[in-house]
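Here is the structure we will look at, set down as structure tokens.
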Amino acid sequence: SQKIEQNSEALNIQEGKTATLTCNYTNYSPAYLQWYRQDPGRGPVFLLLIRENEKEKRKERLKVTFDTTLKQSLFHITASQPADSATYLCALDNTGGFKTIFGAGTRLFVKA
Amino acid sequence: GAVVSQHPSWVICKSGTSVKIECRSLDFQATTMFWYRQFPKQSLMLMATSNEGSKATYEQGVEKDKFLINHASLTLSTLTVTSAHPEDSSFYICSARDQALYGYTFGSGTRLTVV
């Protein structure tokens with residue numbers, strides 16, 4: 001069955017460092033991979049989308065890579081700030097938006 | 001940017017009663033909206049796809065008679081949890097996609113507690 005794996009353990013880093021989160025998937029060939037941020041008690045907020053034929057996408061301090069051979073995406077936050085502390089979800093989609101599957105998310109804590 | 005408004009943000013109800021949750025797209029039209037349920041520290045689980053003017057499509061294992069979905073207009077979908085029980089207590093979130101933008105826009109979620 002289709003499976004998305006994100007590190008369930010929280011990631012603790014120091015302010016100013018680069019945070020790297022991992023998303024692995026199996027039994028799936030997504031056309032799109034998305035990353036979302038979710039704060040406690042709130043709905044997810046869309047951050048970035050990367051297509052299967054793209055290797056890397058950047059947006060301000062965010063960078064996403066997509067390796068369809070390894071079936072893995074890496075999500076980087078450079079110069080991290082305490083305000084970046086949240087849960088980050090990856091989501092896969094191969095149906096043009098009608099069957100998106102979400103990972104459980106990785107909690108990030110950035111210490112000042 | 002696209003905005004999805006979800007109400008109420010939290011609700012406490014007695015076992016056996018029904019609760020209605022509203023999801024509105026404020027600045028775009030959404031022929032399709034999605035309803036998710038999320039338990040603590042778990043992923044979003046798609047419950048159903050709400051289609052404007054037609055019946056919702058439910059995911060396997062989701063009781064359509066218990067979770068009634070109505071999508072009567074291009075900007076409003078409602079989820080009614082009927083005869084709620086404590087095990088229905090969860091965080092319910094809706095989403096929609098503005099075709100002009102990437103990604104989905106989510107509502108702020110509804111925390112349902114059944115006592």
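Numbers for the structure displayed
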| quantity | calculated |
| --- | --- |
| Sorted largest first, extent of chain B alpha carbons per principal axis (Å) | 41, 28, 23 |
| Distance between segment B:1-42 and segment B:60-110 - C-alpha centres, whole angstrom | 5 |
| Residue among B:Thr75, B:Thr32, B:Thr17 with the largest mean-square fluctuation in a Gaussian network model of chain B, springs linking Cα atoms under 10 Å | B:Thr17 |
| Ranking of B:Thr31, A:Thr26, A:Thr100 by count of other Cβ atoms within 10 Å, fewest first | A:Thr26, B:Thr31, A:Thr100 |
| For A:Trp35, B:Trp10, order by how many other beta-carbon atoms lie within 10 Å, fewest first | B:Trp10, A:Trp35 |
| Label-point separation in nm, B:Val3 to B:Lys41, each point 7 Å along Cα→Cβ | 3.5 |
| For chain B, Cys with no neighbouring Cys Cβ under 4.7 Å | B:Cys13 |
| Dipole magnitude (debye, nearest 20) for chain B, charges at Cβ of Lys, Arg, Asp, Glu | 180 |
| Order of A:Leu70, A:Leu21 - criterion: other Cβ atoms within 10 Å of each residue's Cβ, fewest first | A:Leu70, A:Leu21 |
| Where a label projected 7 Å from the Cα of A:Leu70 along Cα→Cβ would reach, residues of segment A:4-33 with amide N under 19 Å | A:4-9, A:11, A:18-33 |
| Equivalent ellipsoid, chain A (semi-axes from 5 times Cα gyration tensor eigenvalues, Å) | 23, 15, 12 |
| Over 26 Å (Cα to Cα) - which of A:Lys71/A:Lys99; A:Lys55/A:Lys111; A:Lys71/B:Lys41 fall in this group | A:Lys55/A:Lys111 |
| 5 Å-binned pair-distance histogram of the protein assembly as shown (Cα, whole percent) | 1, 7, 14, 18, 19, 16, 12, 8, 4, 1, 0 |
| Residue with peak Gaussian network fluctuation, chain B [Cα springs, cutoff 10 Å], from B:Ala56, B:Ala100, B:Ala48 | B:Ala100 |
| Nitroxide proxy distance, nm - points 7 Å out along Cα→Cβ at A:Asn94 and B:Lys14 | 5.0 |
| Highest-MSF residue in chain A out of A:Lys99, A:Lys63, A:Lys71 [GNM, Cα springs under 10 Å] | A:Lys99 |
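Since every read-out is calculated from the coordinates, none of them should be taken as a lab result. All values derive from a computational prediction rather than experimental measurement. Note that we place each Cβ from the backbone using ideal geometry, even for glycine, and neighbour counts take in every protein chain shown.
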